[in-house]
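Sharing a structure here in structure tokens format.
Each value in this text was obtained by applying a stated rule to the coordinates, not by laboratory testing. Since this is a predicted model, take the numbers as computed values, not measurements. Note that we place each Cβ from the backbone using ideal geometry, even for glycine, and neighbour counts take in every protein chain shown.
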Amino acid sequence: MQLRVEANERHMETERIKNELERERQNQQVEYDTLKRQMEAEKERYEKKMQEQKQAYEKKMRNDNQIKFTKQKMKNIKKQVDEANEIARSMGKHIVFTAIYISKFDNQSIYANGSSSAEVGEMKTEIEIKVENFELDQINQWTCDKFNDKLVMMRDAYQIYEERAEVVNSSQEDQEDQEDPFSEKAEPVLLGQAFYLLEGLAYQVADDRQLPIVTTTNEINGQLHINVVPCEENGNEELDEDMLPEDPMEMLDRPLDFKVKISHISGLPEDFCTNIFCEYKFYIYEDVYRTPVCEGRNLSPQFDFVQQHHFDPITKQMVQYLQDDKLTVKIYGNQNLNKKGKQPPNFAKRHSVMAPQHNSSMMSKSTASSVLDPLRQMK
């Protein structure tokens, strides 16, 4: 009997020790699993941080290279701009060319190329040529490629001008037959852009906004009055509140109808308020929607523009677009000088130099040669 009791006690002690060892093993396993998860999380954070640093470095290198390239391009183009101004001055043209930096936003949705939402609103700096035509009281902007093509025509025009200046009875009709590389019909110029966040549409809520218009020189010129209004396919804007989503993902596989309403623009500058209109694209589609042109000069052009859109069904990508992206509205118009007393720099001096002594259609051979010789070398 005594032996049996002792055997039971030894068995119980063995089981106790066995259970303690099992609990200790389980605790160690928990600690190991916790440590493993912490190490994996730390590794993931480290890799993410390294990836962000790599992306930041690559972005900085791209920006640095872009800045270096743009500065060198500006340095080179200024020489050509000086040449164009010299030709214009020598031919008595009341035109001034100026190389300017402009900022351009990416036209595409961030979802068109798989970019991250952090890249929304980034701008690229480019160079364009501002053409102030004091004869036509208008301003145009040319791309560098267009300016280079025009400059070749200016050189040819000046050579013809010099040759004709030697002929006293040169025909005015012959001169008019030549295409004028200095002037052209005023084309719409990008005044700026306004950015409407679409998050409200993801929750089926209208959001009437007054958005600042950001110019290509990063200034604010006026405000765009815009609203994006959810509606039914028949155009009804009175939606059932019980159908409004609490989470945008509830919109998946449902149709989406809404109206883009652009009522007017306010506070435009006096030198950029002529023939104004707006245009935009939606999502990844290339269709361009444009307001009517407000003809003539108007500091607060009225559009009363309404465009209804229909999409069916809504995809996950589109829901993400509504949550993260923006509707970019571009504002175009014509610039004009139209400032009292404004004239090209040194206009009086330029005009007196160009005025011939004996014939208004002629330029002295010595004066013409002094300008043409360096131009010939640059051809």
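Normalised by the residues of region 186-337, what does the relative contact order come to in percent, with Cα pairs under 8 Å and at least six apart?
This gives 33 percent for region 186-337.
Then there's this: Would you please give the FRET efficiency between Glu219 and Gln320, computed as 1/(1 + (r/R0)^6) with r the Cβ-Cβ distance and R0 = 35 Å, to the nearest 0.05?
0.65
Turning to a different aspect of this structure: When ranked by the protection proxy of mean other Cβ atoms within 10 Å per residue, highest first, what sequence do the peptides 300-313, 198-211, 24-37 form?
Listed from highest to lowest mean packing, they are 198-211, 300-313, 24-37.
So what J values fall out for region 253-267 if you push phi through Karplus, 6.51 cos²θ - 1.76 cosθ + 1.60 with θ = phi - 60°, rounded to Hz, Gly and Pro as x?
6, 9, x, 10, 10, 7, 10, 9, 10, 10, 7, 6, 10, 10, x
If you take the beta carbon distance between Glu270 and Asp137 as r and set R0 to 22 Å, what does 1/(1 + (r/R0)^6) give as a FRET efficiency, to the nearest 0.05?
Here the calculated transfer efficiency is 0.95.
Express in nm, to one decimal, how much length is gained between Glu42 and Lys146 on full extension, taking 0.36 nm for each residue of separation and deducting their alpha carbon distance.
The span from Glu42 to Lys146 would gain 32.0 nm if fully extended.
Further question: Using mean Cβ contacts within 10 Å as the protection proxy, how do 68-78, 11-21, 90-100 order, highest first?
Ranking the peptides 68-78, 11-21, 90-100 by packing returns 90-100, 68-78, 11-21.
May I ask you to evaluate 6.51 cos²θ - 1.76 cosθ + 1.60, the Karplus curve with θ = phi - 60°, for each residue of region 305-321 and list the ³J(HN,Hα) values in order in whole Hz, giving x for glycine and proline?
Computed from phi, the couplings for region 305-321 are 8, 9, 10, 8, 10, 9, 10, 7, x, 7, 9, 4, 5, 5, 4, 5, 4 Hz.
State the extension gain, in nm to one decimal, for the chain segment bounded by Arg254 and Leu299, taking 0.36 nm per residue of separation less the distance between their alpha-carbons.
Value of the extension gain: 12.1 nm.
Sticking with this one: Would you please give the FRET efficiency between Lys60 and Arg290, computed as 1/(1 + (r/R0)^6) with r the Cβ-Cβ distance and R0 = 51 Å, to the nearest 0.05?
It comes out at approximately 0.85.
For region 186-337, with the dipole built from +1 on Lys and Arg beta-carbon atoms and -1 on Asp and Glu ones, taken about the Cα centre, which of Leu197, Asn234, Pro292 lies farthest toward the positive end?
Result: Pro292, furthest along the dipole toward the positive end.
Non-local amide H neighbours of Gly222 (under 5 Å, H modeled in plane, Pro and chain starts lacking H): which ones?
Ile213
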